[in-house]
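Written out below as structure tokens is the structure these notes cover.
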Amino acid sequence: MTKINKTVLGNGVRIVSERVTHVHSVSIGIWIRSGSRYEHKAESGIAHFIEHMLFKGTQKYTACEIARMIDSVGGVFNAFTSKEYTCFYVKVLSQHVDLAVNLLCDIFFHSLFLKEEIEKERNVILQEINMVKDTPDDYIHDMFNHDFFSDHPLGFNILGELETVQSFRRSDITGFYRREYLVPERIVIAVAGNMEHEAFVDRMAIKFDDIKMKKAAAAQTAFSPSRSVSCNYRALEQVHVCLGTPGCSHLDRERYSLYVLNAILGGSMSSRLFQEIRENRGLAYSVTSFTASFFDTGMFGVYMGVVKDTVQEALSIVFDEMRSLREHSVSPAELSAAKEQLKGNMLLAMESTDSRMSRLAKCEMYYDQYIPLPRILKDIDAVTADDVRELARALFRDDQLTCTFLGPLKNKDLPRDLLLLGC
């Protein structure tokens, strides 16, 4: 049995909860509607830097003491930064809620941002950036993202660039923190587990009531897609390929059709690209399609890693399947299988309180309300073969296609005549 509740504090901070009586855990997250998209170019990576710094010591506890306190009760304490939001969360057994709340609020409000800790963490983050650059199947996504969004803030690397991370001063970090995080209307506190809503609100109101109301700065918008092809030579065993087109925003009515389209094209082991490129022809170990959605725009992409000699063959399969989805309706069996996969993934995710907590927060940030799971399942079921075909027609277009290559491939090797969908 579960129950959804929502309370808005006087200053605009929102508290949402889902009481799940049959579990032993409680997951609590402080979500801020700000991330790398809200950075200026010279600030690239500063939100991610702050994520690290909030674990590096407070007025009460050292970083080591924070880690030991959570470890001593078998809990999880972590954070992540995305393009449009940042989250700090803790998961513990229900009898340790007070410890979780106190620690979570302590790092959020009372982190010290000590200069010596900033310097140590700067080195850690620089190594993190270099680690991604040394991992081509990760790095290609950063390169593709930059090519796709160009100079728009959505194209900024969440980790930042080596130059920007090296430039941050303590005043830059604390200034961004005050500007972006201590804004009540941007804060969503979410909890899922065996926890009474009223009791949780009482605990959090004491901590958050004193944040003064202020107007939040708007994130930059106005992204216009355009065609782009780039080749980045590196002496690797594989050519890593990312290609994609605009997708759907979180608010688009077609987003459920997009989920189905993604599942059919490359979103699972039974998808068309996985079966044809990997299983039938053995051209790649890794091939997948993916989506990324934001408040006002989105991305639909395909990734694969192949040897140089099979780049053209693999690309031709991708484009053939895109054209097929644009020109022909999917079969009832394929449509049904994609829907069942999506619904199964959603229902399985609801087995954990941290997934439930995340879903609560994202619904609140993007829709200002909780969207019941049965309604989502119904909307997925309502997607038709015609919906999938019409969306494929709208998305798979030459004039908005971005292709990024990383590996032993030079510009003269690019099959430019192949990189066309014929529309």
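The values are calculated or read from the model by the stated rules, or taken from the named source; none is laboratory data. These numbers come from a predicted model, not from an experiment. Cβ sites come from the backbone with ideal geometry, for glycine too, and all protein chains shown count toward neighbours.
Worth pointing out:
- Those residues of segment 314-335 which are crowded, with 20+ Cβ neighbours inside 10 Å and among the small types (G, A, S), in sequence order: A314
- Near pairs, Cβ below 8 angstrom, 6+ apart or cross-chain, from segment 64-86 (within 24 Å of L154 (Cα to Cα)) to any residue that is part of a loop (DSSP other than H, G, I, E, B) and among the hydroxyl-bearing types (S, T, Y): E84/S34; Y85/S34; T86/S34; T86/Y181
- Test: residue in segment 49-66 that is buried (at least 22 other Cβ atoms within 10 Å of the Cβ), under 24 Å from G298 (Cβ atoms), assigned by TED's automatic domain parsing to the domain that holds E185 and of a type outside the set (K, R): no
Every residue, every condition in (1) crowded, with 21+ Cβ neighbours inside 10 Å; (2) among the aliphatic types (A, V, I, L, M); (3) modelled with pLDDT of 95 or more; (4) in the same structural domain as E340 (by TED's automatic domain parsing), yes or no:
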site: C248; (1), (2), (3), (4): yes, no, yes, yes
site: A263; (1), (2), (3), (4): yes, yes, yes, yes
site: G267; (1), (2), (3), (4): yes, no, yes, yes
site: R278; (1), (2), (3), (4): no, no, yes, yes
site: G301; (1), (2), (3), (4): yes, no, yes, yes
site: Q312; (1), (2), (3), (4): no, no, no, yes
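- Some residue of segment 122-133 being of a type in the set (D, E), at pLDDT 95 or above, within 23 Å of the chain's Cα centre (by Cα) and not in a loop (DSSP other than H, G, I, E, B): yes
- Single residue of G244, G282 found to be crowded, with 16+ Cβ neighbours inside 10 Å, not assigned by TED's automatic domain parsing to the domain that holds S36 and not in a helix (DSSP H, G or I): G244
- The condition of being small (G, A, S) and over 23 Å from the mean Cα position of the chain (by Cα) does not hold for A349.
- Looking across segment 164-178, the residues that are part of a helix (DSSP H, G or I) and of a type outside the set (G, A, S) come down to T164, V165, Q166, R170, D172, I173, T174, F176, Y177, R178.
- Contacts under 8 angstrom Cβ, first residue in segment 331-342 being farther than 18 Å from P374 by Cα, partner buried (at least 19 other Cβ atoms within 10 Å of the Cβ) and not hydroxyl-bearing (S, T, Y), 6 or more apart: E334/I264; L335/V260; L335/I264; L335/V383; L335/V388
- In segment 134-163, residue modelled with the lowest pLDDT [restricted to those that are assigned to a helix (DSSP H, G or I) and over 25 Å from T288 (Cβ atoms)]: P153
- Residue in segment 369-384 that is touching a strand residue (DSSP E or B) at 6+ places or on another chain (Cβ under 7 Å), touching a residue at least 12 places away in the same chain (Cβ under 8 Å) and surrounded by 12 or more Cβ atoms within 10 Å (Cβ to Cβ) present: yes
- Filter pass, V97 being farther than 27 Å from T164 by Cα and not in a helix (DSSP H, G or I): no
- Criterion (more than 25 Å from A292 (Cβ to Cβ) and buried (at least 22 other Cβ atoms within 10 Å of the Cβ)) met by exactly one of V26, V73: V26
- In the set (1) at pLDDT 95 or above; (2) surrounded by 14 or more Cβ atoms within 10 Å (Cβ to Cβ); (3) of a type outside the set (S, T, N, Q), the condition left unmet by A235 is number (2).
- Exclusive hit being buried (at least 16 other Cβ atoms within 10 Å of the Cβ) and without any contact (Cβ under 8 Å) to a residue 24 or more places away in the chain, set F168, F176, F208, F274: F274
- Filtered residues of segment 112-154 (kept if within 23 Å of S34 (Cβ to Cβ) and either of a type in the set (D, E, K, R) or touching an Asp or Glu at 6+ places or on another chain (Cβ under 8 Å) (or both)): E117, E121, R122, E128, I129, V132, D142, D151, P153
- Condition check for A263: touching a residue at least 24 places away in the same chain (Cβ under 8 Å), small (G, A, S) and not in a strand (DSSP E or B): yes
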